[in-house]
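A.B. asks: I'd like to ask some things about the structure below.
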């Protein structure tokens, strides 16, 4: 028996002996060198992902999405984001009565770990909101939205705004860096802004935060310093803060010309104004007993960003003939294995082909176990729980059962940056279905 955590609730897992099949699939995997961290304020971490900006003139299209949605009276454009002189530069300009900035969003999602950036900020005139933070992208229903093409290609969830961690926010006229935390399910809740450290002006500094199941700790280190300074903490032990799902990483320099939120009315910036980023590093370490699946029980709801039936944080496959409209989250506390909601694939009276999956990018190497509770009508051509690691797929069939039954794939050897957990079912017959709840992936 193994006790693990699902959104802060301890569940007792039985360990049946399912028939697990392994097969190769076509998949390319990015490679990042993994080395033990030696210069962090916390121990046990390995560098799993790194972006430096030493070559080229624009950020890598495979790693970054431009932030182009205009908001708060300013304009954001891909043309404002350049690479040069060893940094990513988000330029701040004034032209024709308008203020222009921008940003980038990672194509990957990241979970628990230590996030670090080295930055130089613009501070000479007001009107520029600069930040490094993590949050899922939503919504992806319009081709003008950031991440739309990745969502259509099954690379990102269509709805994934579960939480936000602001490593820092800084307004170019303010005297402080601020660290904040928000959750967006079931509604928006935010912690009080923690203005934690004096504005470093244009001097280079490194900011980081450690995201753990029990809390977030923020750190600051100016260039030339040998030690980090802890500047803020946030507990995630209680509701509504104990929300987890892998999220995208953002770097933003947004023009806010009208002085919204008391940030100061903009005046035309100096020549060469820019937020500059020398690197982004993501570190992770094994967390035995802690679930790495986001929205593991399909309980997340958010009326402002997702239709009621969409599984926030999960990818509903739109490629290879899939029919995502046959996959949905239903609310029925009497029938759920845990909580009130669970995932359903259902044929109704016509054939269907569904895959609901979640990417676990850059998780620590090691041995894992995947479990889920399932029900099924039976009769499908395919009904499987799958895990794909570096191009090798293992799966277990979902049995026909009217009562919840746990299935498992054990001893999953992760030595790849790319892991996908998926539930796939298809049939030509009517009135066939599967139900899925309480999905758990833990390091052993």
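Taken together, the values in this text are just the output of simple stated rules run on the coordinates, not laboratory data. Owing to the predicted nature of the structure, the values given are computational and were not obtained by experimental measurement. Because the Cβ atoms are built from the backbone with ideal geometry, glycine has one as well, and the counts that use them run over all protein chains shown.
A.B. asks: How are the C-alpha pair distances of region 46-284 spread across 5 Å bins, as whole percents from the shortest bin up?
C.D. replies: 1, 7, 14, 19, 20, 19, 13, 5, 1, 0
A.B. asks: OK, next. In which sequence would 204, 241 go, from the one with the fewest C-beta neighbours within 10 Å to the one with the most? Mind showing how you got there, number by number?
C.D. replies: Details: 204 15, 241 18.
By the 10 Å Cβ count, ascending, the order reads 204, 241.
A.B. asks: Determine how many Å³ per residue the convex hull of the Cα atoms of region 109-227 encloses. Present the calculation step by step, with values, prior to reporting the outcome.
C.D. replies: On the way: hull volume 16.4 nm³, N = 119.
Per-residue hull volume (Cα only) is 138 Å³.
A.B. asks: Where does the chain land at 222 nm, in deg cm²/dmol rounded to the nearest 500, when only DSSP H runs of n ≥ 4 count, each adding -39500 (n - 2.57), divided by all residues? Mind showing how you got there, number by number?
C.D. replies: Details: 1 runs with 5 residues, N = 444.
Value at 222 nm, helices only: 0 deg cm²/dmol.
A.B. asks: Still on this model: I need the Debye-formula profile for region 181-260: one equal scatterer per C-alpha, no solvent, reported as log10 I(q)/I(0) at q = 0.11, 0.14 1/Å, two decimals.
C.D. replies: Here log10 of I(q) over I(0) equals -0.40, -0.64.
A.B. asks: May I pose another question? Calculate I(q)/I(0) for region 95-146 by the Debye formula, one identical point scatterer on each C-alpha and no solvent, and give its log10 at q = 0.18, 0.19 Å⁻¹ to two decimals.
C.D. replies: Treating every Cα as an identical point scatterer, log10 I(q)/I(0) equals -0.91, -0.97.
A.B. asks: Can I ask one more? Once Rh is set to the Kirkwood radius over Cα pairs, what Stokes-Einstein translational diffusion coefficient, in µm²/s, holds for region 364-444 at a temperature of 25 °C and a viscosity of 0.890 mPa s? Show your work: numbers first, answer last.
C.D. replies: Working: Rh = 13.3 Å.
It diffuses with D of about 185 µm²/s by this estimate.
A.B. asks: Give me the compactness ratio for region 47-151, meaning the Cα radius of gyration over 2.2 N^0.38 Å.
C.D. replies: Details: Rg = 14.5 Å, N = 105, 2.2 N^0.38 = 12.9 Å.
Here the Cα radius of gyration is 1.12 times the empirical estimate.
A.B. asks: Now for a different question. As a footprinting exposure proxy, order 393, 146 by other Cβ within 10 Å, with the fewest listed first.
C.D. replies: Working: 393 17, 146 22.
Neighbour counts put them in this order, fewest first: 393, 146.
A.B. asks: Grab the eigenvalues of the alpha-carbon gyration tensor for the chain, scale each by 5, take roots, and send me the semi-axes largest first in whole angstrom.
C.D. replies: Values: eigenvalues 317, 105, 79 Å².
For the chain, the ellipsoid semi-axes come out as 40, 23, 20 Å.
A.B. asks: Given the options 111, 390, 297, which has the most mean-square fluctuation in a GNM of the chain, springs set between C-alpha atoms less than 10 angstrom apart?
C.D. replies: Maximum fluctuation in the GNM of the chain, among the listed residues, is at 390.
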